[in-house]
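Okay, so here's the structure we're looking at.
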Amino acid sequence: RLVVFLEESIYVHNIKDMKLLKTLLNTPSNPSGLCALSTNHSSSYLAYPGSVLSGDIIVHDTNNLVRAM
């Protein structure tokens, strides 16, 4: 996966053909681009700030393109 972070949106692409797989809009403002992408053959998780006011994070499963619970 290739993940592109903009200040208020995130785009997940397939690295092999650059096809856009998922767009996450209206994410909390993240001017520093703070994020983490963890990948291996069986899973790929993306973590990013869930709030500008607290230390909450959102974890997204980029293999299945859903928010992780």
Report summary line: Scanning the stretch 16-54 for residues that are over 20 Å from ALA68 (Cβ atoms) and either in a loop (DSSP other than H, G, I, E, B) or in contact (Cβ under 8 Å) with a residue 24 or more places away in the chain (or both) gives LYS16, ASP17, MET18, LYS19, SER29, PRO31, SER32, GLY33, VAL52, LEU53
**Report entry** Restricting the stretch 31-69 to residues that are in contact with an Asp or Glu (Cβ under 8 Å, 6 or more places away or on another chain) and of a type in the set (Ser, Thr, Tyr), the residue that is surrounded by the fewest Cβ atoms within 10 Å (Cβ to Cβ)
**Finding:** SER43
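No lab work stands behind these numbers, since they all come straight from the coordinates. Treat the numbers as computed from the prediction; the structure is a model and nothing was measured. All Cβ positions, glycine included, derive from the backbone under ideal geometry; neighbour counts span all protein chains shown.
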